[in-house]
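Here is the structure we will look at.
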Amino acid sequence: MSEKPAKIHKPRPISGYPEWLPEERMVEQAWIDQIRAVFEAYGFGSIETPSVEEIEVLTAKGGDTDKEIYAIRRLHDDGGASEGRVALHYDLTVPLARYVAQHYGDLTFPFKRYQIQKAWRGERPQEGRFREFLQCDIDVIDNDELSIEFDAEMPAIIFEVFQRLDIGNVTININNRKILQGFYSGLGIEDVTGVIRIVDKMDKIGVQGVAKQLADEAGLSADMISRCLSLAEIKTPDASFADQVQALGVENETLSKGVEELSFVMNSLGHLPQGVIFADLSIARGFDYYTGTVYESKLADYPEFPSICSGGRYDNLVSSYMNKRLPGVGISFGLTRTFAKMLKEGKLDTNIKSPTQVLVVQLPDTDRELAASTAQALRARGFNVEMYHEAAKMKNQLRYAERKAIPYVWFPAVDRGQSHEVKDMASGEQAPTALDTWQPARI
RNA sequence: GUGGCUGUAGCUCAGUUGGUUAGAGCGCCGCACUGUGACUGCGGAGGCCGGGGGUUCAAAUCCCCUCAGCCACCCCA
């Protein structure tokens, strides 16, 4: 009777493009709600930019991110000028820069915005690395000068997010690119970014490995290496790093400026709990366009796991799109990366399989209107309610509720004068109740 | 993009020195049970053995290619 389809295309997971079960997605949405609430509590407003940008916009900053950008074209490319003109955005900072340049006249500065959207990168996926992932960004942009206050506010906001998400202990490490820039310049090192890249691997390949690469790849002298490592090993929970930098005896104007800025940030964060915030002069993560403060956050329980939240200050990002100086500072929480890790480690409660709080059953030999009107009355009281879709065996209706972890099952009153009954699925207890007064113990 | 490892039911995996019609557990559907779930019993559906080619009387098994996934590098949320 039923013919077999000619060909079955077996679905396979596409590496790097995660998707969640309903019970997992419910937790993810709760995360998004929490994050949004924190961002708005600090006065950040939401914007959403298109998934695509012009390729020229995405690559205006240069760098070698080009090869990880996904270009968009139609399957049947007609070769017209409009084809291949746009690509999926790689992060949310570049779209923000373009957005500010485009809407400059309509924005009030300092412009504070948050953006919770997907980003796409053509990397080889592995644990903690996806090709499509959700980022939660906050940035502040101002005209000409941007107050250092904002550099200090970012970690405080992010810490609040971490607390609300209940993802275990987290450390937020802070550095300032000016310290690295100034220190290395003061030592007479020319390839500053090259050295930064190597030193940044400290936690991965260790002191020995960094020393070796500095000698082999950057061609530094033993004395230079020793001083670079001394700087990189500085890590303090407060502003005391400054004295340690001083003791290394390198004089440089940029270095002094960096120390001053980082000191301000550290002193401003003194109210946060011990063991969360560190001035860590080895970290330099993130994009090349960072010019001052840089942030990196790690899950304390999983030191091997990559940074879950990083960002920094950039002095001239918008300059690629308009002839103005608009410095900014921002930070980006990698929601997908963090969420996937928590899921894998079994740290998330994914028992609830649907938003339904009450299942109204259909009793045999009764009008379905009875169940429908009962469900509607409960919805009017604000509960999430579904009516079972047929007058099936009670066993099946209850089993459905059990499998979806619906906490309550409602038995409508069949006749006038008879009472409604509600069953608590966890305890198995069933008791008479009334439509307009019922109060669940849980929910 | 470079290198290494792995592909058998929806999932986790067996499958002998190549040898009839490829198995198990879990999950799914049905029944025992036409007003009450989790346990139990019985029954059922579900496989181009990732794909293509080669060797052989014979391939899930051996060889080649390819695709996909995982891990490391690179880079980064």
Residue list for the range A:193-235, restricted to those being free of Cβ contacts under 8 Å to residues at least 12 places away in the same chain and under 15 Å from A:D280 (Cβ atoms): A:K204
From the list A:A413, A:A391, A:A372, A:A426, exactly one residue is of a type in the set (G, A, S), more than 30 Å from A:E127 (Cα to Cα) and more than 9 Å from RNA strand B (Cβ to nearest atom). Which is it? A:A372
Within the range A:242-267, which residues are outside any helix (DSSP H, G or I) and either on the phi > 0 side of the Ramachandran plot or of a type in the set (A, V, I, L, M) (or both)? A:L248, A:G249, A:V250
Among (1) more than 30 Å from A:A156 (Cβ to Cβ); (2) of a type outside the set (D, E); (3) at pLDDT below 95, the one test that A:F339 misses: (1)
The residue that is farthest from A:E153 (Cα to Cα), considering only those in the range A:353-377 that are of a type outside the set (D, E, K, R) and in contact with a helix residue (DSSP H, G or I) (Cβ under 6 Å, 6 or more places away or on another chain), is A:Q362
In the range A:305-332, which residues are touching a Lys or Arg at 6+ places or on another chain (Cβ under 8 Å), assigned to a loop (DSSP other than H, G, I, E, B), open to solvent by 10 Å² or more (accessible area, probe 1.4 Å) and more than 16 Å from RNA strand B (Cβ to nearest atom)? A:D315, A:N316, A:Y321
Does the range A:115-135 hold any residues that are among the charged types (D, E, K, R), in a strand (DSSP E or B) and more than 6 Å from RNA strand B (Cβ to nearest atom), and which are they? A:K118, A:E132
Quick one: what pairs do we get from the range A:117-128, first residue on the phi > 0 side of the Ramachandran plot, second outside any strand (DSSP E or B), C-beta under 8 Å, 6+ apart or different chains? A:G128/A:F305; A:G128/A:P306; A:G128/A:R337; A:G128/A:A340; A:G128/A:K341
For the range A:40-50 the number of residues that are of a type outside the set (A, V, I, L, M), open to solvent by less than 60 Å² (accessible area, probe 1.4 Å) and either touching an Asp or Glu at 6+ places or on another chain (Cβ under 9 Å) or over 17 Å from A:M154 (Cβ atoms) (or both) is 2
I'd like to check something: does the range A:369-387 contain any residue that is touching a Leu at 6+ places or on another chain (Cβ under 7 Å), at pLDDT below 90 and among the hydrophobic types (A, V, I, L, M, F, W, C)? no
Could you tell me whether A:E23 is in the same structural domain as A:Q163 (by TED's automatic domain parsing), within 16 Å of RNA strand B (Cβ to nearest atom), open to solvent by less than 70 Å² (accessible area, probe 1.4 Å) and in contact (Cβ under 8 Å) with a residue 12 or more places away in the chain? yes
In this structure, does A:E56 turn out to be open to solvent by 50 Å² or more (accessible area, probe 1.4 Å) and either at pLDDT below 95 or in a loop (DSSP other than H, G, I, E, B) (or both)? yes
Selection from the range A:389-423 of residues that are among the charged types (D, E, K, R) and either open to solvent by less than 30 Å² (accessible area, probe 1.4 Å) or assigned to a loop (DSSP other than H, G, I, E, B) (or both): A:E390, A:K393, A:K404, A:D415, A:R416
Name the residue, out of A:V294, A:V329, that is β-branched (V, I, T), within 18 Å of the chain's Cα centre (by Cα) and not assigned by TED's automatic domain parsing to the domain that holds A:A30. A:V294
Please verify whether A:R403 is more than 13 Å from RNA strand B (Cβ to nearest atom), touching a residue at least 12 places away in the same chain (Cβ under 8 Å), farther than 30 Å from A:F133 by Cβ and not small (G, A, S), treating the condition exactly as stated. no
Please verify whether the range A:136-153 includes one or more residues that are of a type in the set (A, V, I, L, M), open to solvent by 10 Å² or more (accessible area, probe 1.4 Å) and closer than 29 Å to A:E123 by Cα. no
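The values are calculated or read from the model by the stated rules, or taken from the named source; none is laboratory data. Keep in mind it's a predicted model, so treat the numbers as computed, not measured. Here Cβ is always computed from backbone atoms with ideal geometry, including for glycine, and neighbour counts include all displayed protein chains. Quick note on the areas: whole protein, heavy atoms, side chains included, nothing else; ligands and nucleic acids left out. Shrake-Rupley method; radii C 1.70, N 1.55, O 1.52, S 1.80 Å.
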